[in-house]
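Trainee: My structure is below; once you've seen it, I'll send some questions.
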Number of protein chains: 2
Amino acid sequence: MELWFTEDQTRDVRISCRVKKVLFSGRSQFQEVAVYDTDEYGRLLALDNIIQTNIWDEFIYHESLTHVGLNTHPNPKKVLLIGGGDGGSVREIVKHKEIEKIVHVEIDQMVIDVAKEFFPELSSGFSDPRVEIIVDDGIKHVQENKNTYDVIMVDSPDPIGPAVGLYGDEFYRNVAGALKEDGLLVAQTESPFFNRDLISRVNATMKNIFPVVRMFLGIVPTYPGGAWTFTVGSKKYDPLEVETDKLPDLNTKWYSPQMHRSVFTLPPIFRELVKE
Amino acid sequence: MELWFTEDQTRDVRISCRVKKVLFSGRSQFQEVAVYDTDEYGRLLALDNIIQTNIWDEFIYHESLTHVGLNTHPNPKKVLLIGGGDGGSVREIVKHKEIEKIVHVEIDQMVIDVAKEFFPELSSGFSDPRVEIIVDDGIKHVQENKNTYDVIMVDSPDPIGPAVGLYGDEFYRNVAGALKEDGLLVAQTESPFFNRDLISRVNATMKNIFPVVRMFLGIVPTYPGGAWTFTVGSKKYDPLEVETDKLPDLNTKWYSPQMHRSVFTLPPIFRELVKE
């Protein structure tokens, strides 16, 4: 039997991977949820037929989204994660011992359930007593919780359908409102090859709200184009001014004190997106 | 009509792109040569059904292979390029005005002919009077030309079939012999995700031959895994000791003086490949 999962990465490019077994397939209130056991990537989570995460390369995305911001803030006590129901980001966040409270707002209960059942390597952090999971809309949560968080991380899906609101001016203003006066935001901001207009718009929007805005890069082989961007919006602390030689060892495979700085070095073709 | 080109990137992963038109298809003495006009990537060259280059992302690979090494050597006068018959590397090499002679050894005349006809954006450097094209085996050329070159660049295909010899101990020793006493080599060394054993072996082999060995990274969306490695083997000059603020502007889209340094910063999962 030849079973293949195929994602349309763009209208004209597809990635396919061989599937050993379909482990789960369901439709939640929000999206189609599927878990495949694949030969190359191990277990893989697809939402609306788009690869969200997989055992093989997930660490790069999750370490990037979390440690850069958490190590930029000198004393993060209360943090918020929006999205990322697979648990990979929570697993990285709980490595920071100085954090007292981790609020995780995920809109889709089915993603959390699937993560607990099929991705124990990712969802292991859910059992940390500092983690509170709230099944709700992150957009609403930041509207309703003012001046509350030190660091907010946005682990959003692609800007399609309901997730469009996670890339807009109003959302970032509400995030800024939910942050304390020295708080900072880190958001995944899509592909620097395929989402160039979005990145430029998000960057300009954030610069209207935050005094410090910095884009950095990761590599996610299973995302379109391989390169991936993340953007920091900060009220006070600059990720480039961190004393990286004092950073703790977080048992990471992608992030490191050296990487903390170098991921912000952008090639000219990406610098032009953020007018640096 | 739906026409798609599909490459098996590994046994279990495929990339496909929509094709507007098949511009060329032939078989040379060495390989199957095809040129497609694609919707996403523009014109694309495939050898034995593996994407070699395309108009859309070629600059990253070609700028990486050439400028890091040429800017590490303080005075490159005579340089050798092995492989890379598409011309993209030559186009970047000729930007270095201090070079007096560029020997380009490509084994397959058909690749050169196809580049001239279908890839004028890549092959434009062939007309530079400093360029001499020799249709021959690069392995033989470095055996026969001792103590000749300041910089040698190896733009090799994947380590399959006849190209296996471009990754072996004997080849690197002959390259070292073809270099002058302060010369240096830059070779593309495949994917840090999918060719990990090869990279470790090549790195160890080079360290037996060259006092300075450094691996660096690029991102090539159309190559397996997105991330790509290049390795410098140098008799004297260290790419990390270059005074990057004195480097000339080379009208590049990927390489820059800042990137010259940061591409050598490896995440832990790649550092372990080279025991750094």
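The values are calculated or read from the model by the stated rules, or taken from the named source; none is laboratory data. Computed from a prediction, not measured in an experiment: that's the story for all the values here. All Cβ positions, glycine included, derive from the backbone under ideal geometry; neighbour counts span all protein chains shown.
Trainee: Criterion first (β-branched (V, I, T) and either in contact (Cβ under 8 Å) with a residue 12 or more places away in the chain or not assigned by TED's automatic domain parsing to the domain that holds A:I93 (or both)) does A:T229 satisfy it?
Mentor: The answer is yes for A:T229.
Trainee: Might you check whether a residue that is among the aliphatic types (A, V, I, L, M) and at pLDDT below 95 occurs anywhere in region A:214-225?
Mentor: no
Trainee: Mind checking which pairs have a first residue in region A:153-166 that is assigned to a helix (DSSP H, G or I) and a second that is acidic (D, E), Cβ under 9 Å, 6 or more apart or different chains?
Mentor: What qualifies is A:G161/A:D48; A:P162/A:D137; A:G165/A:D137.
Trainee: Assuming A:K78 fulfils every condition listed in (1) closer than 30 Å to B:D37 by Cα; (2) more than 11 Å from chain B (Cβ to nearest Cβ) apart from one, which condition is it?
Mentor: (1)
Trainee: Condition check: within 30 Å of A:L44 (Cβ to Cβ), out of contact with any Pro (no Cβ under 7 Å at 6 or more places or on another chain) and either assigned by TED's automatic domain parsing to the domain that holds A:G138 or of a type outside the set (D, E) (or both). Does A:V164 satisfy that?
Mentor: Here the answer is yes, as A:V164 does meet what is asked.
Trainee: Now for a separate question. Do we have B:Y237 as more than 14 Å from chain A (Cβ to nearest Cβ), surrounded by fewer than 23 Cβ atoms within 10 Å (Cβ to Cβ) and modelled with pLDDT under 95 here?
Mentor: No, not satisfied.
Trainee: Are any of the residues in region B:219-231 closer than 26 Å to A:V220 by Cα and surrounded by fewer than 20 Cβ atoms within 10 Å (Cβ to Cβ)?
Mentor: no
Trainee: Ok, one more. Could you list all residues from region B:44-72 that are out of contact with any Pro (no Cβ under 9 Å at 6 or more places or on another chain) and either surrounded by fewer than 23 Cβ atoms within 10 Å (Cβ to Cβ) or within 14 Å of chain A (Cβ to nearest Cβ) (or both)?
Mentor: Listed by number, the residues that qualify are B:L44, B:A46, B:N49, B:I51, B:N54, B:I55, B:E58, B:F59, B:Y61, B:H62, B:S64, B:H67.
Trainee: From (1) in contact (Cβ under 8 Å) with a residue 60 or more places away in the chain; (2) touching an Asp or Glu at 6+ places or on another chain (Cβ under 9 Å); (3) within 14 Å of chain B (Cβ to nearest Cβ); (4) crowded, with 22+ Cβ neighbours inside 10 Å, pick out the condition that doesn't hold for A:T38.
Mentor: (1)
Trainee: Return the only residue of B:A187, B:A176 being over 24 Å from B:K97 (Cβ atoms) and assigned to a strand (DSSP E or B).
Mentor: Selected residue: B:A187, the only one of B:A187, B:A176 that is over 24 Å from B:K97 (Cβ atoms) and assigned to a strand (DSSP E or B).
Trainee: Another question, if that's okay. So, in region A:240-256, of the ones that are in contact with a helix residue (DSSP H, G or I) (Cβ under 8 Å, 6 or more places away or on another chain) and more than 10 Å from every other protein chain (Cβ to nearest Cβ), which residue ends up surrounded by the most Cβ atoms within 10 Å (Cβ to Cβ)?
Mentor: Taking the candidates together, the pick is A:V242.
Trainee: Does A:D197 fit the bill of being free of Cβ contacts under 8 Å to residues at least 12 places away in the same chain and not in a loop (DSSP other than H, G, I, E, B)?
Mentor: For A:D197, the condition - free of Cβ contacts under 8 Å to residues at least 12 places away in the same chain and not in a loop (DSSP other than H, G, I, E, B) - is met.
Trainee: OK, next. So which residues in region B:10-35 are surrounded by 14 or more Cβ atoms within 10 Å (Cβ to Cβ), polar (S, T, N, Q) and more than 9 Å from every other protein chain (Cβ to nearest Cβ), if there are any at all?
Mentor: Within region B:10-35, B:S28, B:Q31 meet the criteria.
Trainee: Additional query: When A:E121 is evaluated against the numbered criteria (1) of a type outside the set (S, T, N, Q); (2) surrounded by fewer than 20 Cβ atoms within 10 Å (Cβ to Cβ); (3) assigned to a strand (DSSP E or B), which criterion, by number, is the only one it fails?
Mentor: A:E121 satisfies every listed condition except (3).
Trainee: Any chance you could count how many residues in region A:257-269 are within 7 Å of chain B (Cβ to nearest Cβ) and either touching a strand residue (DSSP E or B) at 6+ places or on another chain (Cβ under 6 Å) or of a type in the set (A, V, I, L, M) (or both)?
Mentor: 2
Trainee: State which residue is surrounded by the fewest Cβ atoms within 10 Å (Cβ to Cβ) when the search covers only region B:83-118 and only residues that are small (G, A, S) and not in a strand (DSSP E or B).
Mentor: Across region B:83-118, the extreme among qualifying residues is B:A115.
Trainee: In addition: Answer with yes or no whether B:A187 is more than 26 Å from A:E58 (Cα to Cα), surrounded by fewer than 19 Cβ atoms within 10 Å (Cβ to Cβ) and out of contact with any Asp or Glu (no Cβ under 7 Å at 6 or more places or on another chain).
Mentor: Taking the combined requirement at face value, the residue does not satisfy it.
Trainee: I'm trying to understand the selection: among the residues of region A:239-253, which are part of a loop (DSSP other than H, G, I, E, B), closer than 23 Å to A:R91 by Cβ and not aliphatic (A, V, I, L, M)?
Mentor: A:P248, A:D249, A:N251, A:T252, A:K253
Trainee: Condition test on A:L273, is it within 30 Å of A:D8 (Cβ to Cβ), surrounded by 16 or more Cβ atoms within 10 Å (Cβ to Cβ) and away from chain B (no Cβ under 11 Å)?
Mentor: Considered against the rule, which asks whether it is within 30 Å of A:D8 (Cβ to Cβ), surrounded by 16 or more Cβ atoms within 10 Å (Cβ to Cβ) and away from chain B (no Cβ under 11 Å), A:L273 comes out as yes.
Trainee: In contact with a His (Cβ under 7 Å, 6 or more places away or on another chain), within 22 Å of A:T72 (Cβ to Cβ) and among the hydrophobic types (A, V, I, L, M, F, W, C) - does that describe any residue in region A:148-168?
Mentor: The answer is yes; a qualifying residue exists.
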